[in-house]
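Notes for the one structure printed next.
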Amino acid sequence: MPDPSPSSLPPPRPRPSLGELFLTLARLGLTSFGGGVSGLLHAEFVRRRRWIDEDEFIAGLSVSQALPGVNVANLAIWLGYRCQGLAGAIVGLGAVVVPPAILIVLIGSLILQLSANPAVGTFLAGIAAAAIGLSLSVGLRAARHAMRHVVPIVIFVLTLVGSLVLHLSAPVLVATFGPIGIALAWRRYSREQG
Amino acid sequence: MNKDSLLLALIATFAPLSLMTIGGGVTVLADIQRAVVGHYHWFTDAGFLQIFAVSRVAPGPGTLLVTLIGWHIAGLAGALVATLAIFIPSSLLVLAVAYVWHRYPGLVWQKAVATGLAPIAAGLIIASVVSLLASARGGWIAWLAAGGVAAATFQARIGPIALLVLGASAYCLLSVATIWLG
């Protein structure tokens, strides 16, 4: 059964304090081995704590992906800004960058040695697979969000094929399909309003 | 090079790359390697591969590779300067967009941008999922664990860390089981 649409959920809870924001983001940032953080953030911010709703999250995710920069950092800035303004944005960025940066400098080589151990290596590979699964769930939600009209469906399929089969880079795909998608959505919304 | 010119070289290398990383840090990896191995000779090929491997297995964004580069060539100041150089330019841009976005809520252009970019974001994410799983350790077990975790998020309100641990445990059990069953 798909989960209920955002409108049928109870109203969002109060916004997190700066401290909560930092601890939540830092904890998730330190749990991610090899990607999948947007999935972690979705599970925590939208589904578990309900600090922001799904539409807002997907808007932030889409903008974060299309702008330059590390996706996780962009999304943390976006979520932090949404929850606590400028201070939230700074705390958000700091939370996903500073703790892992300290860790990688201090015990990066140790982690590399540990991961050569078969048992640890298997567990880390399992964490990575699970994190990829969380990414997949966010990708599917964004796809569902886009599947309301024909053109977005076509753009979704072309992006997928362009990336997987033609090995086109993200900037090329964003530069090609971004303007088309935005222009068509704009025309549709202006017509609905006018 | 003295310390100050090392720090300036770090800024000159990483700050421009900050604005070229659309779709994740992987896109500028080749540029980083060219600069720090080929141009400045700060690392040998083997040395670069070593810190690259560390950045892959350590928690946090893979882009923290630049933190390690800064640390190795100029200590604490180098780590700070390199990290700030790669994150600040792109972060200011995101912040500017977030500001404008929330300053004028509910406008047609916002809905248009969000809806127009969503299918591209979805395509990029799912494409990266497929290519990560195709090269993941464990083959079908990785696909199964990832699929199971994704399905679980549509069923129950489980926290992300619990999901990671459950998925990783299932992965480990299946890996051990396939070894035993030969």
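The values are calculated or read from the model by the stated rules, or taken from the named source; none is laboratory data. As the structure is a computational prediction, the values presented were derived from the model and not from experiment. Counting neighbours? That spans all protein chains shown, and the Cβs are built from the backbone with ideal geometry, glycine included. Surface areas here come from the heavy atoms of the whole protein model, side chains and all, with no ligands, DNA or RNA. Shrake-Rupley method; radii C 1.70, N 1.55, O 1.52, S 1.80 Å.
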Open item on the list: Is there a quick way to get the dipole size of the protein assembly as shown? I mean about its Cα centre, with the Cβ of Lys and Arg at +1 and of Asp and Glu at -1; what is the value in debye to the nearest 20?
Closed with: 680
TODO: Could you tell me which of B:L49, B:M1, B:L95 has its Cα farthest along the dipole of the protein assembly as shown towards the positive end, charges placed at Cβ (Lys, Arg +1; Asp, Glu -1), taken about the Cα centre?
DONE: B:L95
- [ ] Return the loop-located chymotrypsin sites (Phe, Trp or Tyr not before Pro) in the stretch A:17-80 (DSSP other than H, G, I, E, B) with at most 15 other Cβ atoms within 10 Å of their own Cβ; answer none if there are none.
- [x] none
- [ ] Determine the dipole magnitude for the stretch A:6-142: charges of +1 sit on the beta-carbon of Lys and Arg, -1 on that of Asp and Glu, nothing else is charged, the reference point is the Cα centre, and the result goes in debye to the nearest 20.
- [x] 220
Task: Part-to-part distance (alpha-carbon centres) for the stretch B:1-72 and the stretch B:158-177, which is given in Å - done: 33
- [ ] Using a 10 angstrom cutoff on alpha carbons, build the Gaussian network for chain A and name the most mobile of A:L93, A:L79, A:L23.
- [x] A:L23
Task: Inter-centroid distance (Cα atoms) of the stretch A:75-107 relative to the stretch B:122-147, Å - done: 27
Task: Fraction of alpha-carbon pairs over 41 Å apart in the protein assembly as shown - percent - done: 10
Task: Sequence of B:R103, A:R188 from largest to smallest accessible area, 1.4 Å probe - done: B:R103, A:R188
Task: Estimated inter-spin distance, B:S169 and B:R157, nm [label 7 Å along Cα→Cβ] - done: 2.2
Open item on the list: Connecting C-alpha atoms closer than 10 Å in a GNM of chain A, tell me which of A:A142, A:A131, A:A116 has the biggest fluctuation.
Closed with: A:A116
